[in-house]
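Rule-based calculations on the coordinates, nothing more; no lab input. What you are looking at is a predicted structure, and each value in this text was computed from that prediction instead of being measured. Here the Cβ positions follow ideal geometry from the backbone for every residue, glycine too, while neighbour counts run over all protein chains shown.
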Amino acid sequence: MEGKRNRAGPGGGGRIDSAIAAETFRALIHDAPLSIVAFDASGIIQLWNPAAERMFGWTAEEALGKPHPIVSEEKQEEFRALREVALKGKTFTGIQVRRRRKDGSPIDISVSTSPLRAADGTITGIMSIITDVTERKKSEETLLRLATAVEQSAEIILITDPSGAIEYVNPAFERITGYHRDEVLGKNPRIMKSGMQDHSFYEELWKTLTRGDVWSGVFQNLRKDGTLYEEEAVISPVRDAGGEVINYVAVKRDVTNERRVEEQLRQAQKMEAVGRLAGGIAHDFNNLLTAITGYADLLLMDLPEGELAHREVLEIRKAGDRAASLTRQLLAFSRRQVLQPKVLDLNQVVTDMEKLLRRLIGENIELVTSLADDLGHVRADPGQIEQVIVNLAVNARDAMPNGGRLLLETSKMEIDESYANRHDPVLPGSYVILAVTDTGVGMDEPTMSRLFEPFFTTKEVGKGTGLGLATVYGIVKQSGGYIWAYSEVGRGTTFKVLLPGEEEVAELAEKEVAYLYPSGGEETVLVVEDEKLVRDLVREILSQHGYDVLEASRGTEALEVSGRHKGPIHLLVSDVVMPGMTGPELARRLTALRPEMGVLFMSGYTDDAILHHGVFEHGAEFLQKPFKASALGAKVRKVLDAHSHETG
Ligand SMILES: Nc1ncnc2c1ncn2[C@@H]1O[C@H](COP(=O)(O)OP(=O)(O)OP(=O)(O)O)[C@@H](O)[C@H]1O
Ligand SMILES: [Mg+2]
């Protein structure tokens, strides 16, 4: 003992007294935080330390001298195989297996083994050192789940270091921005800056973040291809256990599409509301203007030309005409005018207008047309389509004060479901497109967003009314079409008008010939109009033309008047929109009783019900309010003549 102790002294070898060694090993095994278990070649437990008692629930007493308790029935085979390998002298380090506790709950453990040898070196058993990795495995699984969620998230997730350098982006980021992650790692997110946010925006952002708060807001950023997109972002600081900010995490959602759809809806609602208002006003004004200009016409007939009073009434008449033209535009915008659609060849319309357009745009603007072959046809009111082209051409002219080029193009286009989905609110189908392009001053964003509003103009007072495009919009919409504007400041503007294609070509419109009808007659005319001012005027004009006039203020009354009247009624002149029975309804009921009777509608306004029933598409004659006395006279004569030919 003494000698050995001396040899173990300072400067001696590494030998430890065997008694001390035994005590050390015992203490180690007893107090180790790791489970230490030993078993013999047949798997019978020889050693079971207190840590193993705590880890698995069996006391040493329960475990010793029995087969390894932690191996469940179905793991016996696996255990036997491992044991066999270990008995051949192999050591295992940190293999992970699933075992069970005494209470039956599963436990994930990491096991390291070494063989136990007898004095002669033969392996008699195995010692294993076991750590519980259940918690670690759980947190690994949680981490994996988190990582998967982040990777597969539809929203952009971007992580930077405290200086703002990008450390991580998820696949959604790559998909939405077009950048590959290798292109952005280590860079600052400012590479996506669009310049749409000013300096103070970023200052505010950083102030919030460095204060340790969460920032949320909307970015207009640039994709790799240079296109703008809008993202809703929430950026939060991430802290370590010590409270130090170690990362920033941004979660962002691409809302470009959503915003576009919202904006379109907002625009459509705005136009709808303004349109309703404009339509209502125009309706009432039309009746008043019909009376004003109509009576002025009657006065003019009575007053000798050259007299002062004649000239003065002429001024009233002119003012009335101007007002009437304004209300006509308002009606067009509100889609409440009565269209008289015909099957048209748009190329023909454009060709016929070339001369007029050239005169309109002046010498220093070049007019170029590019018309597609076999364009097909559209169904629209020719007068209204001409109005569309004139308004667009005049705007183009005004945008090119120093000359330029005006291009009118026609083309055909099939819009399929997928295109329609991307360009709501277009419906799929075949369309004929008219594009009007100028090389003028172009428009900025604020102008573009209000373009079609009535009374929106950037022109000087007195130069523009702001009704041009509102009219165009109304006509195109009412014809079942769409209109889009593309513009770049300083470069020019294109307006694209889409009109639904028309299959039937049977009744290609003939050019209307303006006959000069002798306007008088002696037939009997029934006038039905709820607005007294207008009814009186019509009666007055028709009486002056020699007709016998019956009148009624509404449908039911008209039926009564007709019932009482013994002689023939040659013509019904009726308003369209009236309280109670509508004009077309009245006409149906009266012509059933009096088949010899012709029908002429007059209106400044129509509602959807009447439009959709297409009353005017089937040859009914129609006079737009307000009208001139001479126009009413001529139209009445024309309908009477046409009808007497038909009925013999
Ligand atoms: N081709 C174009 N190029 C540049 N700006 C245009 C063009 N067309 C329209 N605009 C802008 O849109 C505004 C509205 O046009 P709109 O035709 O409705 O009214 P306006 O031309 O001003 O007046 P109005 O047509 O009633 O005489 C114009 O004032 C102009 O600012
Ligand atoms: Mg205009």
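Structure data summary
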read-out	value
Cα gyration tensor of region 153-254 - equivalent ellipsoid semi-axes, whole Å, descending	21, 16, 12
Local electrostatic count at Gln197 - Lys and Arg +1, Asp and Glu -1, tallied over other residues with Cβ under 13 Å	-3
Karplus (6.51, -1.76, 1.60) ³J(HN,Hα), θ = phi - 60°, over region 171-179, in Hz, Gly and Pro reported as x	x, 4, 4, 4, 5, 7, 8, x, 7
For region 84-125, average projected area of the Cα convex hull in nm²	3.6 nm²
Region 342-502: relative contact order as a whole-number percent, Cα under 8 Å and 6+ apart	25 percent
Overall Cα dimensions of region 263-333 - principal axes, largest extent first, Å	58, 16, 12
Relative contact order for region 263-333, counting Cα pairs under 8 Å that sit 6 or more residues apart, in percent	44 percent
Amide H contacts of Ala38 (H built 1.01 Å from N, under 5 Å, at least 5 apart or other chain)	Gln46, Leu47, Trp48, Ser128
Whole-Hz ³J(HN,Hα) from phi, Karplus 6.51 cos²θ - 1.76 cosθ + 1.60, for region 362-372, glycine and proline x	x, 6, 8, 10, 7, 9, 10, 10, 9, 10, 6
Evaluated at q = 0.11, 0.16, 0.17, 0.20 Å⁻¹: base-10 log I(q)/I(0), Debye formula over Cα of region 207-325	-0.66, -0.90, -0.94, -1.06
Packing-based exposure ordering (other Cβ within 10 Å, fewest first) of Thr457, Thr91, Thr410	Thr91, Thr457, Thr410
Unit charges on C-beta of K, R, D, E only; dipole of the chain, Debye	2600 debye
Gap separating the Cα centres of region 178-242 and region 318-356, nearest whole Å	51 Å
Phi-based couplings in Hz for region 160-168 (Karplus 6.51, -1.76, 1.60; Gly and Pro marked x)	10, 7, x, 7, x, 6, 6, 10, 8
Potential extension, Glu560-Thr134 segment - 0.36 nm per residue separation minus Cα distance	143.8 nm
Ranked Thr369, Thr160, criterion: other C-beta atoms within 10 Å, fewest first	Thr369, Thr160
Residue order, fewest to most surrounding Cβ atoms within 10 angstrom, among Lys252, Lys90	Lys90, Lys252
Amide H contacts under 5 Å for Val238, placed H, 5+ residues apart	Ile246, Asn247, Tyr248, Val249
Rounded, prolate or oblate (a/c below 1.5 giving rounded, otherwise prolate when a/b exceeds b/c) for the chain by Cα gyration tensor	prolate
Förster radius 22 Å - calculated FRET efficiency between Val394 and Asn364, Cβ distance, rounded to 0.05	0.90
Principal axis dimensions, region 444-489 - Cα atoms, whole angstrom, descending	33, 25, 11
